[in-house]
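As structure tokens, the structure follows; a few thoughts come after it.
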Amino acid sequence: MNVAQFQNNLIAWYQAEKRDLPWRQNKDAYRIWVSEVMLQQTRVDTVIPYFNRFIEQYPTMADFAAADEEKILKMWEGLGYYSRVRNLHHATRDVVTKYGGIVPADLATMKRLKGVGDYTAGAVLSIAYDLPVPAVDGNVMRVYARLFGIEADTFLPASKKVFEQKVSETIAYDDPSSFNQGLMELGALICTPARPQCLICPVSEHCKAFEQGKTDVLPVKSKKKKAKDQFVVTAVIKNSRGEVLLQKRPEKGLLAGLWEFPSIEVGAAEKQQLGHAQFGMTGMLGFSLVDFRQMVQLKHVFTHLIWHIVGYAAECEAVPEVGSPMQWVSVVDIGGYALPVPHQKVFAAYLQNA
């Protein structure tokens, strides 16, 4: 490969064809950092409105670092992978207190911040500060697997080092920002997983997979483990004041710190048995429920887990005392609590059937 020509072709194409995205308006490291965290495992079209609202609410890193976590989680609602924003919040607080609110322009320092790995550090430092640091994600691994005929299994964590080394060897030192963004853009728009558009690819003349007819077999990617099925019963429970019961999830683990309606895990055969669901919910809460009725069934897919949810509505007499992590909340105030998407759907079904 003529590396210099490859760099020139890629950068020229990127400069001419790059999408007009809100985080590309300037080289503010904070804005770039926020966008890269949002874009992890989330589509660009989904991220844009979230990013705009986020920056409007928290225009500077100091604004975000000082923000209340509950409000941050509520703003993030719907993006999923909530640990991303919790880590970002923690990391920006460190930057404000330790580095005067300026994102450190040093790879080792950046990677010491909570939640910042090789990709995020490389993306922020190369785009904001023009440092020649690789930013290797799934898109870039796919592009490089095809360009150089690399057959390392991209699903294996150890393979990432192979791609990082190759990007380091070929990165454009005179414009690493455009080079890295060009790779990202190429993977998103042209060198896609299925049916890559090789005939309009700006670097196809440098591509081994195109030359050898291997674009359909590269990159090599072993199959993921099958997601685990989990069967869940959840209930919107109303007291005599018209309030509903919420419980806060643990501070660690899946959907950490979010609010949800009381839920119990059941077996596959039990998930649609009303009597079993009511008995299990009563046993967990410690008070009796009446008018227990099914509202909705839905499925929600996480990376390694699939929730099969049956949502019920129920009522209780008076206002039973509940302790942390539960609390009674007015229906009109539910909107101020960060709920996972499946529980938003359960609540929507409740309102529809009220």
remark   = Note on region 326-352: residues under 22 Å from SER83 (Cβ atoms) and of a type in the set (Ser, Thr, Tyr) are TYR337
message = modelled with pLDDT of 95 or more and either of a type outside the set (Asp, Glu) or over 22 Å from GLY335 (Cβ atoms) (or both): is that true of GLN272 in this structure?
response = no
ask   = What number of residues within region 104-117 satisfy the criterion of being farther than 23 Å from ALA67 by Cβ and open to solvent by 40 Å² or more (accessible area, probe 1.4 Å)?
value = 5
Residue ranges of strands (runs of 3 or more DSSP E) in region 245-354 with at least 2 members open to solvent by less than 20 Å² (accessible area, probe 1.4 Å) = 305-315
inquiry  = Being open to solvent by less than 40 Å² (accessible area, probe 1.4 Å) and either over 16 Å from GLN40 (Cβ atoms) or more than 22 Å from the chain's Cα centre (by Cα) (or both): is that true of GLY101 here?
reply    = yes
query = Taking interchain pairs and intrachain pairs at least six residues apart, which have beta carbon atoms under 6 angstrom, with the first residue in region 315-344 and closer than 12 Å to LYS74 by Cβ and the second among the charged types (D, E, K, R) and surrounded by 14 or more Cβ atoms within 10 Å (Cβ to Cβ)?
reply = ALA338/LYS74; ALA338/GLU77
key: Residues within region 120-156 that are over 17 Å from VAL37 (Cα atoms), among the hydroxyl-bearing types (Ser, Thr, Tyr) and modelled with pLDDT of 95 or more, tallied   = 2
request  = Go through region 1-23 and give me each residue that's in contact (Cβ under 8 Å) with a residue 60 or more places away in the chain and closer than 30 Å to MET75 by Cα.
outcome  = LYS18, ARG19
inquiry  = Would you confirm whether or not region 53-61 contains a residue that is closer than 30 Å to ILE150 by Cα, of a type outside the set (Ser, Thr, Tyr) and in contact (Cβ under 8 Å) with a residue 12 or more places away in the chain?
reply    = no
message = With the condition being open to solvent by 40 Å² or more (accessible area, probe 1.4 Å) and either touching a Pro at 6+ places or on another chain (Cβ under 6 Å) or over 22 Å from ILE102 (Cβ atoms) (or both), I'd like the helices (runs of 4 or more DSSP H) fully within region 1-91 carrying at least 3 qualifying residues.
response = 3-17, 44-57, 69-76
task = Answer yes or no as to whether VAL233 is among the aliphatic types (A, V, I, L, M), touching a strand residue (DSSP E or B) at 6+ places or on another chain (Cβ under 7 Å), open to solvent by less than 10 Å² (accessible area, probe 1.4 Å) and modelled with pLDDT under 95.
result = yes
message = So, VAL96, is that one in a loop (DSSP other than H, G, I, E, B) and over 14 Å from the mean Cα position of the chain (by Cα) or not?
response = no
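The values are calculated or read from the model by the stated rules, or taken from the named source; none is laboratory data. Here the structure is a predicted model, which means the values were calculated and not measured. Every residue, glycine as well, gets a Cβ built from its backbone with ideal geometry; the counts of neighbours run over all protein chains shown. Please note that ligands, DNA and RNA were not included when accessible areas were found on the heavy atoms of the full protein model with its side chains. Shrake-Rupley method; radii C 1.70, N 1.55, O 1.52, S 1.80 Å.
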